[in-house]
Amino acid sequence: MNPSLTNTALTHTVQEIERDGFSIVPNAIGPEQIEALKPAIDRAIEQEQAEFGGRPGKHEFIAWDLVMKGPEFVRLLENPIMLQVFRAVLGDGCVLYACATNTLQSGAENYTTEVHVDTARFAPDYTLGLICTFALVDFEEDNGATWYLPGSHRQRERPSDEEFYAGAVRVVRKAGDVVIFNPRVWHRGGLNMTPDARYACSFFGVRQWMKQRLDYPRMVTPEIIESLSDSGRRFLGLEAQVPTNLDEFYVPMDERLYIPRPE
């Protein structure tokens with residue numbers, strides 16, 4: 001699994017994202033990786049809730065900072081399909097902004113089931129970021145498959161409920177598929193009416209010059225950094241750091257903490 005997209009498939013995916021605000025790519029991860037990720041998500045949610053439950057802004061159904069919560073998530077950081085699409089749209093130097101779980105428990109309802117966007121920044125005709133959501137179970141209507149309103153990433157204001165439901169589509173897909181979408185597309189999660197949890201996790205990439213949500217290069221362990229390829233280190237933000245002083249600034253270009261990449 002984890003094959004790369006052909007040039008034709010990559011072009012099609014990018015065109016769909018530009019036109020509709022989202023695109024489904026099948027078979028981005030395989031069964032073995034899926035089965036390893038589901039218990040890893042349970043552990044991550046439990047760990048974060050135990051440590052930060054009750055803090056302002058803490059939601060019990062979400063775990064952030066996944067790259068610090070197991071090798072299963074570090075492996076996703078280098079998913080070739082995700083990185084191909086991110087770099088085609090955001091540039092070779094794009095970096096990880098955030099990564100989190102998207103598990104929807106049976107009967108659960110939360111803020112994601114309201115019509116919303118995933119960033120307040122609105123830049124017409126310029127994509128600031130992309131989100132890649134990995135489905136770890138089949139996404140069906142009865143377990144909460146997300147609604148997306150095609151083309152709404154070009155719309156600053158929230159659509160009315162009438163407008164949203166008249167045009168929105170349910171993104172039904174198989175386990176292992178990803179949906180890659182513009183965080184400005186208006187969408188909402190469904191309700192999980194099944195007895196089982198709906199497992200997923202998301203990676204949010206942004207352009208190289210944008211600030212990451214967490215300082216990943218300084219936060220992750222040396223062991224994690226050493227386990228990554230040059231491509232993975234770049235996406236983690238190792239080439240997009242801010243020098244802390246002039247000693248770190250006045251060095252050869254290939255030793256700098258910030259190495260500009262083409263958009």
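Using a 7 Å offset from Cα along Cα-Cβ at S106, what residues in the stretch 162-201 end up with backbone N under 19 Å from the label point? Backbone N within reach: 190-200. Near N27, once Lys and Arg are set to +1 and Asp and Glu to -1 for all other residues with Cβ below 12 Å from its Cβ, the sum equals +1. Over the chain, Cα pairs under 8 Å with separation of 6+ residues give a relative contact order of 27 percent. Here the gap between E60 and D142, fully extended at 0.36 nm per residue and compared with their Cα-Cα distance, gives a gain of 27.3 nm.
Taking L246, L37, L149 as the candidate residues, the one with maximal mean-square fluctuation in a Gaussian network model of the chain, Cα springs under 10 Å, is L246.
Between Y97 and F204, G205, V206, the built amide H atoms are under 5 Å apart, and every one of these is 5 or more places off in sequence or on another chain.
With the highest mean first, a sort of the peptides 247-254, 176-183 on other beta-carbon atoms found within 10 angstrom per residue produces 176-183, 247-254. Just checking my list (1) 36, 25, 15; (2) 33, 21, 14; (3) 29, 22, 18 against semi-axes √(5λ) of the Cα gyration tensor in Å computed from this structure; which label fits? Correct label is (3).
Here I225 and Q47 are evaluated by their C-beta separation; at R0 = 25 Å the FRET efficiency comes out at 0.75. Taking R218, R43, R234 as the candidate residues, the one with maximal mean-square fluctuation in a Gaussian network model of the chain, Cα springs under 10 Å, is R218. Label-to-label distance for E263 and D125 is 1.4 nm, based on points extended 7 Å past Cα in the beta-carbon direction. Taking a cut-off of 13 Å between Cα atoms, list the aspartates and glutamates near K58, but don't count ones fewer than 8 places away on the same chain. Within reach: E46, E48. Measuring r between the beta carbons of E157 and E32 and using R0 = 45 Å, the FRET efficiency lands at 0.55. Taking the Cβ of P150 as the centre, find all other residues whose Cβ is under 10 Å away and add up their charges (Lys, Arg: +1; Asp, Glu: -1). Cβ neighbours under 10 Å give a net charge of -1. Can you give the helix-only mean residue ellipticity at 222 nm for the chain, where every DSSP H stretch with n ≥ 4 adds -39500 (n - 2.57) and the sum goes over all residues, rounded to the nearest 500 deg cm²/dmol? After summing the helix terms and dividing by the residues of the chain, the value is -8500 deg cm²/dmol. With the simple spin-label model, which puts each label point 7 Å out from Cα in the Cβ direction, the R213 to D196 separation comes to 2.7 nm. Test of understanding: in a Gaussian network model of the chain with alpha carbons linked when under 10 Å, which of R213, R55, R121 would top the mean-square fluctuation ranking? The residue that fluctuates most here is R55.
Only the coordinates and a few stated rules stand behind these numbers; no lab work does. Because the structure is a prediction, the values reported are computed rather than measured. Every residue, glycine as well, gets a Cβ built from its backbone with ideal geometry; the counts of neighbours run over all protein chains shown.
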